Amino acid sequence: MPVLSEDSGLHETLALLTSQLRPDSNHKEEMGFLRDVFSEKSLSYLMKIHEKLRHYERQSPTPVLHSAAGLVEDVIEELQTAPVNNEEKELLQLLSTPHLRAMLVVHDTVAQKNFDPVLPPLPDNFDDDFDEESVKIVRLVKNKEPLGATIRRDEHTGAVIVARIMRGGAADRSGLVHVGDELREVNGITVLHKRPEEISQILAQSQGSITLKIIPAIKEEDRLKDSKVFMRALFSYNPKEDRAIPCQEAGLPFKKRHILEVVSQDDPTWWQAKRVGDTNLRAGLIPSKQFQERRLTYRRTIGTLQNPRTVKKPL
């Protein structure tokens with residue numbers, strides 16, 4: 001087997017690993033799957049981007065200018081106020097292109113380390129209505145993505161409770177929202193007397209900065225540990241056609257023979273999983289093996305399904 005030098009990059013290592021894969025009659029499908037994954041151009045590009053970032057990180061580069069966009073505006077103004085030759089005219093056209101100006105804005109944002117949104121200060125009397133209860137104000141930033149949490153109504157108290165946190169979603173990435181937390185307000189809107197569907201609609205329509213007023217659970221659950229369970233689906237699944245799923249938007253559609261990584265089996269009915277090779281890092285809900293088998297058994301008993309197969313098989 002060829003030996004890599006110390007200067008070899010990740011993408012070179014990946015290419016070498018791909019070339020060393022050999023057919024195996026006992027694991028033909030798995031080897032084919034690995035070859036397809038390792039040969040993906042997008043994965044190779046990500047490796048190269050990673051190497052470039054690591055290279056510049058080690059060099060600790062510092063920006064020469066923190067306001068490149070402002071400098072360009074000054075240059076454009078100077079060029080527009082006087083007669084220009086062909087070279088200056090070409091420079092003016094180049095500096096006026098939207099792509100270049102957008103790149104300079106990004107450069108200034110990075111140079112000034114202005115990554116986070118500016119959030120308004122919290123009101124002084126935000127917890128006047130909660131007596132002695134501990135109130136937590138959580139402010140998240142989400143852009144055209146689900147919040148990554150489902151809610152339920154407590155049958156005894158009527159409180160709106162966070163039922164589950166979807167792995168990889170905005171709520172999970174923040175580390176500030178936990179299963180069992182009681183939700184009181186969303187962007188200043190009281191949710192105590194609203195139906196869960198109405199609250200979900202408010203959350204779905206909120207973009208950019210979203211503020212949640214939460215009463216933390218008495219005992220917050222430990223963060224879920226990463227699972228290393230991979231399964232091959234033996235059937236296709238569309239959550240929009242599943243009336244039993246608690247939240248169709250949180251469901252994970254998949255096709256037969258897709259490889260799924262199950263990241264949480266805490267709920268005996270609905271597991272959280274990701275599609276292997278999917279660029280979306282957020283997990284979605286899928287029926288658990290036991291729950292799907294019970295459904296298949298029920299359909300068989302009423303004569304709607306013949307010879308049901310097992311839901312998934314571990315790899």
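The values are calculated or read from the model by the stated rules, or taken from the named source; none is laboratory data. No experiment lies behind these values; they were computed from the predicted model shown. When we count neighbours, we look across all protein chains shown, and the Cβ atoms used for this are built from the backbone with ideal geometry, even at glycine. Protein only, heavy atoms only, side chains kept; ligands, DNA and RNA dropped before computing areas. Shrake-Rupley method; radii C 1.70, N 1.55, O 1.52, S 1.80 Å.
Quick notes on this structure:
- Of all positions in the range 217-230, none carries a residue that is at pLDDT 90 or above and either more than 22 Å from residue 146 (Cα to Cα) or within 20 Å of the chain's Cα centre (by Cα) (or both).
- The range 228-245: number of residues that are of a type outside the set (A, V, I, L, M, F, W, C) and open to solvent by less than 80 Å² (accessible area, probe 1.4 Å): 6
- Within the range 171-181, the set of residues being closer than 17 Å to residue 213 by Cβ and either in contact with a Ser or Thr (Cβ under 6 Å, 6 or more places away or on another chain) or surrounded by fewer than 22 Cβ atoms within 10 Å (Cβ to Cβ) (or both) comprises 174, 176, 178, 180.
- Across the range 88-111, the qualifying residues are those that are under 31 Å from the mean Cα position of the chain (by Cα) and of a type in the set (Gly, Ala, Ser), and the one among them that is modelled with the highest pLDDT is 102.
- Among the residues making up the range 88-97, those that are open to solvent by less than 80 Å² (accessible area, probe 1.4 Å) and not in a loop (DSSP other than H, G, I, E, B) are 88, 91, 92, 95.
- Identity of the residue in the range 261-289, surrounded by 15 or more Cβ atoms within 10 Å (Cβ to Cβ), small (Gly, Ala, Ser) and over 12 Å from the mean Cα position of the chain (by Cα), that ends up farthest from residue 171 (Cα to Cα): 288
- Looking only at residues in the range 152-163 that are at pLDDT 85 or above and either within 18 Å of residue 283 (Cβ to Cβ) or of a type in the set (Asp, Glu) (or both), the one that is least open to solvent (accessible area, probe 1.4 Å) is 162.
- Count of residues meeting criterion [part of a loop (DSSP other than H, G, I, E, B), modelled with pLDDT of 85 or more and surrounded by 12 or more Cβ atoms within 10 Å (Cβ to Cβ)] in the range 63-87: 1
- Candidate set from the range 290-303 (those that are open to solvent by 90 Å² or more (accessible area, probe 1.4 Å) and of a type in the set (Val, Ile, Thr)); member that is modelled with the highest pLDDT: 301
- Looking across the range 246-258, the residues that are surrounded by 19 or more Cβ atoms within 10 Å (Cβ to Cβ) and not in a loop (DSSP other than H, G, I, E, B) come down to 250, 251, 254.
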